[in-house]
Amino acid sequence: MSLKLYNTLSKEKEIFTPVDVNNIRMYVCGPTLYNNPHIGNFRPIVIFDILFRLLQDVYDENKVTYVRNITDIDDKIINTSNELDISAEELVKKYKKTFRKDLISLNILEPTKEPSATEYIDQMVTMISDLISKGFAYESNKHVLFESKKFQDYGKLSRLSPKDIISGARVEIADYKKNPEDFVLWKPSKDSEPFWESPWGKGRPGWHMECSAMSYEILGSNFDIHGGGIDLIFPHHENEIAQSTCFHGEQTAQVWMHNGFVNFSGEKMSKSLGNIATVNDLLGTYSGDVIKYALLTSHYRQPLEFSDDLLNSAVSILEKWSDFQNWQIDKSLGFDKQFMDYLLDDLNTPGCLMRLQQIFNLIKKDPENQELKSYFVNGLNLIGLKPTITKKELKIDINYIENMISQRSSAKENKDFAKADEIRNALQKQGIILEDSVEGTKWKQI
Ligand SMILES: [Zn+2]
């Protein structure tokens, strides 16, 4: 079976055909680091990580270039840094640290490149100047705006007409705009805000321009996949297509993919609703695998209902699955066909998880079956799950840990190193790491 992906542009599931089979290129809009990323921000990161792994498996590891950017300058960053009275740079640095830890806990592969917007300001200025000289953009009151109606295909991704856009009040009305649907490519910075020099005065780029410049610089004018959350279809991706295509004359990306929202009790998660669960908070109670498993239980294009029940059912499944750690497997046996068919069919991860459970049940009946065990573990690896430690108990039994540490010390004194290692490993399985020093053994929870 060939890889099929749903393309928001055509509104159809299409057989994926690379632009260049020796260089498959994917760009995904990464987080804006003005707070700790919440579970909704992580859905695209998890989904496109799986697509990255799958493309590497289908086409070869060295033939896939995956770019996931970091937005390190925009209005939200500036407003938050002003509130906290720190620089935008310090703010991003602070949240980047947590983001890195979250990524490791969720076993997310590093993308091939992870550019930050502020590293590409020169390229953005070049693109904007070009768009002005070609007549697609205009300068007005220190802003540069893209004149949407000059791009004939404007609205082709979101299927919104300029009329829909204006009547739906999905655009900002401002007196420096020729038309309400025109959008900002460059804007002036206020005195207290970060700025870059430009032909239009001290200012900063519009958010859409950031992704256009980074994707063009790193992946070129016609690459394979551009992804992000469903809320990015309009205006972010619609505007990216308009400005990129008018700049280089090509399609920009062949396949546009969008994941659905994460909801809490039927409501879209947002700051105003006060129902934000940051991944960092969740990792205080659950392992990265549990969080990831929960995110994969719905198809990526569907909304995902996130709840404690969902997380707890993931815990009980992964606890059973963790048996696999002692299994001997053979990587060369590859994947179960049904599992692979689900994954190739527009990343049907609920199907993959169901099939893994079926294989696991078959193994329980036939414990010596090497082929099934290999299919199971190879499948888990392909979607980046390695269920070792599931739920971290908030109330740790300190007496138990101290007792184990003292048993281990006695074992070491008696030169019973096998037993000492056994205790260390047993604790590690429960998320407790031991550190020996001259003052004795300390422990910490991972
Ligand atoms: Zn973007």
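See the values below:
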| item | result |
| --- | --- |
| Tally of residues being more than 15 Å from the ligand (Cβ to nearest atom) and open to solvent by 10 Å² or more (accessible area, probe 1.4 Å) across the stretch 177-213 | 22 |
| Condition check for Leu109: at pLDDT 95 or above, among the aliphatic types (A, V, I, L, M) and open to solvent by 50 Å² or more (accessible area, probe 1.4 Å) | yes |
| Selection within the stretch 124-146 - of a type in the set (Val, Ile, Thr) and crowded, with 23+ Cβ neighbours inside 10 Å | Ile128, Val144 |
| First in the stretch 102-122 and without any contact (Cβ under 8 Å) to a residue 40 or more places away in the chain, second anywhere and part of a loop (DSSP other than H, G, I, E, B) and open to solvent by less than 50 Å² (accessible area, probe 1.4 Å), Cβ under 9 Å, 6 or more apart | Glu119/Asp72 |
| All positions within the stretch 318-353 that are within 26 Å of Asn425 (Cβ to Cβ) and buried (at least 19 other Cβ atoms within 10 Å of the Cβ) | Leu318, Trp321 |
| Residue match in the stretch 147-154 (condition: among the hydroxyl-bearing types (Ser, Thr, Tyr), within 14 Å of the ligand (Cβ to nearest atom) and open to solvent by less than 20 Å² (accessible area, probe 1.4 Å)) | no |
| Residues within the stretch 13-38 that are open to solvent by less than 20 Å² (accessible area, probe 1.4 Å), closer than 21 Å to Glu110 by Cβ and away from the ligand (no atom under 16 Å from the Cβ), tallied | 1 |
| Condition met for Ile78 (open to solvent by less than 20 Å² (accessible area, probe 1.4 Å) and away from the ligand (no atom under 16 Å from the Cβ)) | yes |
| Number of the exception - Arg53 against (1) touching a residue at least 40 places away in the same chain (Cβ under 8 Å); (2) more than 16 Å from the ligand (Cβ to nearest atom); (3) within 30 Å of Lys190 (Cα to Cα) | (3) |
| Residue match in the stretch 415-426 (condition: touching a Phe, Trp or Tyr at 6+ places or on another chain (Cβ under 8 Å) and at pLDDT below 90) | no |
| Checklist (1) modelled with pLDDT of 95 or more; (2) more than 16 Å from the ligand (Cβ to nearest atom) applied to Phe247, failing item | (2) |
| Tally of residues being free of Cβ contacts under 8 Å to residues at least 40 places away in the same chain and closer than 14 Å to Trp186 by Cα across the stretch 142-169 | 1 |
| Residue check for Lys156: outside any strand (DSSP E or B), under 27 Å from the mean Cα position of the chain (by Cα) and within 23 Å of Gly135 (Cβ to Cβ) | yes |
| Candidates Leu219, Leu232, filtered to the one that is touching a residue at least 60 places away in the same chain (Cβ under 8 Å) and within 11 Å of the ligand (Cβ to nearest atom) | Leu232 |
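One line per residue, one yes/no per condition, for (1) in contact with a Leu (Cβ under 8 Å, 6 or more places away or on another chain); (2) of a type in the set (Lys, Arg):
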position	(1), (2)
Val67	yes, no
Asn79	no, no
Leu91	yes, no
Arg100	no, yes
Ser105	yes, no
Pro115	no, no
Val125	no, no
Asp130	no, no
Asn141	no, no
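Residue-wise test of (1) in the same structural domain as Tyr95 (by TED's automatic domain parsing); (2) among the β-branched types (Val, Ile, Thr); (3) modelled with pLDDT of 95 or more.
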{"site": "Glu12", "(1), (2), (3)": "yes, no, yes"}
{"site": "Asn23", "(1), (2), (3)": "yes, no, yes"}
{"site": "Thr32", "(1), (2), (3)": "yes, yes, no"}
{"site": "Asp57", "(1), (2), (3)": "yes, no, yes"}
{"site": "Glu61", "(1), (2), (3)": "yes, no, no"}
{"site": "Tyr66", "(1), (2), (3)": "yes, no, yes"}
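Here's the yes/no breakdown for (1) open to solvent by 10 Å² or more (accessible area, probe 1.4 Å); (2) more than 16 Å from the ligand (Cβ to nearest atom):
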position: Gly40; (1), (2): yes, no
position: Arg43; (1), (2): no, no
position: Tyr59; (1), (2): yes, yes
position: Ile70; (1), (2): no, no
position: Asp74; (1), (2): yes, no
position: Leu84; (1), (2): yes, yes
position: Pro115; (1), (2): no, no
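The values are calculated or read from the model by the stated rules, or taken from the named source; none is laboratory data. Model, not experiment: these values are computed from the prediction. No Cβ is skipped: glycine too gets one built from the backbone with ideal geometry, and neighbour counts run over all protein chains shown. Note: areas computed on protein heavy atoms with side chains; ligands, DNA, RNA excluded. Shrake-Rupley method; radii C 1.70, N 1.55, O 1.52, S 1.80 Å.
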